[in-house]
Amino acid sequence: MGRIRLFRTDLGPADAPVPVDGWGGDGREWSPHAEALAGRFRVVVPDLRGHGRSPVPDEGNTPVEMADDLAALVDGPVTAVGHSMGGQVVNLLAVRHPALVRSVVALDPAHGAHGAEVDGIPARLAAYRERGAREAAEFVAGAFAPDAPAGLRTAHVRTMLGTPDHVIAQAYAGMYTDPGAVGIRPHSEECLRLRTRPALTVWTSRKAAVWERGTLHAPGSRVEHWSDSGHYLHEEHVDRTIRLLAD
């Protein structure tokens, strides 16, 4: 599939962390991180295809295509940072284009699904195909810790509702059900075995953190568990995330 020209912003002098949004998000969620890091690093913040201000293809709004879009965007090697679906995207970037990636940071990534979560995927996909962003917004509304910053939930619900319905469904299928999708645990493990770059993954689930620690093999890789956060951990804990990325 042909590449598309992603909307992007650049801040800072040299080296390049590339933080990417999750499903139904956009690059604005990385604004405080980009500002804080720009004194030391060049920070390239794109909107993924179908999201934010980037073009919206009729087809191909999947993590694999998004990873290949990033490969066309960066001149590498970069530190690729992703949240949720974006975590899957940056891992795919590291696997498919290792020369462009120095290291990977994945925050509560959309991989490793198992058990009841997998059982519910067909029904959720059907709902996303029928109701699109309206259905996805209900998921987003429940994804925050009780003490999340005021306005954060509303901002993400609003951004999700502005995402085209077909993008919501295609991206979800691309994460979990399309041929080659890597969101379900056995396929995730196959993908992570191919990741040769150092990786830092942060989970809000202790069990997921324990599982992923068992997949690590690249020197310098590690997994952290943040028990005090909802899914949008990089925005619920901005300063902690900035320190993590800077280190």
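The values are calculated or read from the model by the stated rules, or taken from the named source; none is laboratory data. Since this is a predicted model, take the numbers as computed values, not measurements. Using ideal geometry, Cβ is built from the backbone for each residue, glycine included, and neighbour counts are taken over all protein chains shown. Heavy atoms of the whole protein, side chains included, go into the accessibility calculation; ligands, DNA and RNA do not. Shrake-Rupley method; radii C 1.70, N 1.55, O 1.52, S 1.80 Å.
I'd like the full set of residues that are farther than 25 Å from V182 by Cα and open to solvent by less than 10 Å² (accessible area, probe 1.4 Å), limited to region 39-64.
Correct list: V43, V44.
Could you list, in sequence order, the residues of region 101-118 that are in contact with a Phe, Trp or Tyr (Cβ under 9 Å, 6 or more places away or on another chain) and acidic (D, E)?
D108
Might you check whether a residue that is at pLDDT 95 or above, under 21 Å from M160 (Cα atoms), small (G, A, S) and crowded, with 18+ Cβ neighbours inside 10 Å occurs anywhere in region 25-38?
So far as region 25-38 goes, yes, one or more of its residues are at pLDDT 95 or above, under 21 Å from M160 (Cα atoms), small (G, A, S) and crowded, with 18+ Cβ neighbours inside 10 Å.
Would you point out the residue of region 105-124, among those that are more than 11 Å from the chain's Cα centre (by Cα) and not in a helix (DSSP H, G or I), that is surrounded by the most Cβ atoms within 10 Å (Cβ to Cβ)?
Top of the filtered list is G112.
Might you check whether a residue that is basic (K, R), in contact with a Leu (Cβ under 8 Å, 6 or more places away or on another chain), touching a residue at least 12 places away in the same chain (Cβ under 8 Å) and in a loop (DSSP other than H, G, I, E, B) occurs anywhere in region 53-70?
no
Give region 176-204 a look and list any residue that's over 18 Å from T79 (Cα atoms) and either in contact with a strand residue (DSSP E or B) (Cβ under 7 Å, 6 or more places away or on another chain) or in a loop (DSSP other than H, G, I, E, B) (or both), or say none.
Y176, T177, D178, P179, G180, A181, V182, G183, I184, R185, W203, T204
Scan region 163-204 residue by residue and report those that are crowded, with 21+ Cβ neighbours inside 10 Å and hydroxyl-bearing (S, T, Y).
T163, Y172, Y176, S188, T201
Take L161 and tell me if it is touching a residue at least 40 places away in the same chain (Cβ under 8 Å) and aliphatic (A, V, I, L, M).
Details: touching a residue at least 40 places away in the same chain (Cβ under 8 Å): no; aliphatic (A, V, I, L, M): yes.
No, not satisfied.
Name the residues in region 71-86 that are in a strand (DSSP E or B) and open to solvent by 30 Å² or more (accessible area, probe 1.4 Å), would you? Even if it seems obvious, please write down each step before you answer.
Initially, region 71-86 is screened for residues in a strand (DSSP E or B), giving 78-83.
Within region 71-86, T79 is the sole residue that qualifies.
Residue by residue through region 205-244, note down the ones that are in a helix (DSSP H, G or I), free of Cβ contacts under 8 Å to residues at least 60 places away in the same chain and open to solvent by less than 40 Å² (accessible area, probe 1.4 Å).
Across region 205-244, the qualifying residue is only A209.
Tell me yes or no: at least one residue of region 90-102 is open to solvent by 10 Å² or more (accessible area, probe 1.4 Å), farther than 18 Å from Y172 by Cβ and assigned to a loop (DSSP other than H, G, I, E, B).
Checked region 90-102: at least one residue is open to solvent by 10 Å² or more (accessible area, probe 1.4 Å), farther than 18 Å from Y172 by Cβ and assigned to a loop (DSSP other than H, G, I, E, B).
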